[in-house]
1. Being more than 21 Å from Gly37 (Cβ to Cβ) and among the basic types (Lys, Arg) is the filter here; which residues of the range 70-119 pass it?
2. For the range 68-113, enumerate the residues that are among the polar types (S, T, N, Q) and part of a helix (DSSP H, G or I).
3. What is the number of the single condition among (1) without any contact (Cβ under 8 Å) to a residue 24 or more places away in the chain; (2) under 20 Å from the mean Cα position of the chain (by Cα) that Val18 does not meet?
4. Of the conditions (1) in contact (Cβ under 8 Å) with a residue 40 or more places away in the chain; (2) within 28 Å of Ile13 (Cα to Cα); (3) touching a helix residue (DSSP H, G or I) at 6+ places or on another chain (Cβ under 9 Å), Ile46 satisfies every one except a single condition; which number is it?
5. Given the criteria among the polar types (S, T, N, Q) and in contact (Cβ under 8 Å) with a residue 60 or more places away in the chain, does Asn62 qualify?
6. In the range 39-70, which residues are over 21 Å from Val127 (Cα atoms) and not small (Gly, Ala, Ser)?
7. With the requirement that a residue be touching a helix residue (DSSP H, G or I) at 6+ places or on another chain (Cβ under 9 Å) and among the acidic types (Asp, Glu), what does the range 50-77 give you?
8. Given Ile13, Ile76, which one is touching a residue at least 12 places away in the same chain (Cβ under 8 Å) and either within 17 Å of Val143 (Cβ to Cβ) or exposed (fewer than 13 other Cβ atoms within 10 Å of the Cβ) (or both)?
Amino acid sequence: MEIKLDPEEEYAIIPLNVLERILRYALVVCQEHCPVGRDPATCPYIVNLSRRVGLSSPPCINDYGEYRQDNFRVMIRDIERKYGMGIEEFINMVRKRKPRSLEEQTDFMEATFYVGVIKELSNMKTVYIAKGSDIEIKNAIIVK
């Protein structure tokens, strides 16, 4: 398999133990501040990279399962059935008129997160993990 790097992208080479430290910090933030401050564009990376470097998964795995599009589509369908409308219509409706209950506010927060995660999973950038001084991309482990 030929790997082509994006010539417009900038890449960082960091020791794996530094990445582990950053991920441990991110996992603490997950445990302490989620779901309020979560970022659907960041969460899939934290989940995938944590697993790849041997760290425990964030607590959201218990709620959402694996970060795969089909899992999040099922959760979106549940909200759509509950409110009798498409997810974008639901999100737009609640944005315009504000949530009418705590349950609706929670569903709105979840809906926007689900949509954001699906979008990110469709566009995730590849992360490469190489060992030792052999940092050639062709020998790297791909995390996506």
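The values are calculated or read from the model by the stated rules, or taken from the named source; none is laboratory data. Just so we're clear, the structure is a prediction, and the values are computed from it rather than from any experiment. Glycine also receives a Cβ, built like all others from the backbone with ideal geometry; neighbour counts cover every protein chain displayed.
1. Arg73, Arg77, Arg81, Lys82, Lys96, Arg97, Arg100 - these are the residues of the range 70-119 that are more than 21 Å from Gly37 (Cβ to Cβ) and among the basic types (Lys, Arg).
2. The answer is Gln69, Asn71, Asn92, Gln105, Thr106, Thr112.
3. Status for Val18: all satisfied but (2).
4. Every condition holds for Ile46 apart from (1).
5. No: the conditions fail for Asn62.
6. Across the range 39-70, the qualifying residues are Pro59, Cys60, Asn62, Asp63, Tyr64, Asp70.
7. Selection gives Glu66 alone.
8. So the residue among Ile13, Ile76 that is touching a residue at least 12 places away in the same chain (Cβ under 8 Å) and either within 17 Å of Val143 (Cβ to Cβ) or exposed (fewer than 13 other Cβ atoms within 10 Å of the Cβ) (or both) is Ile13.
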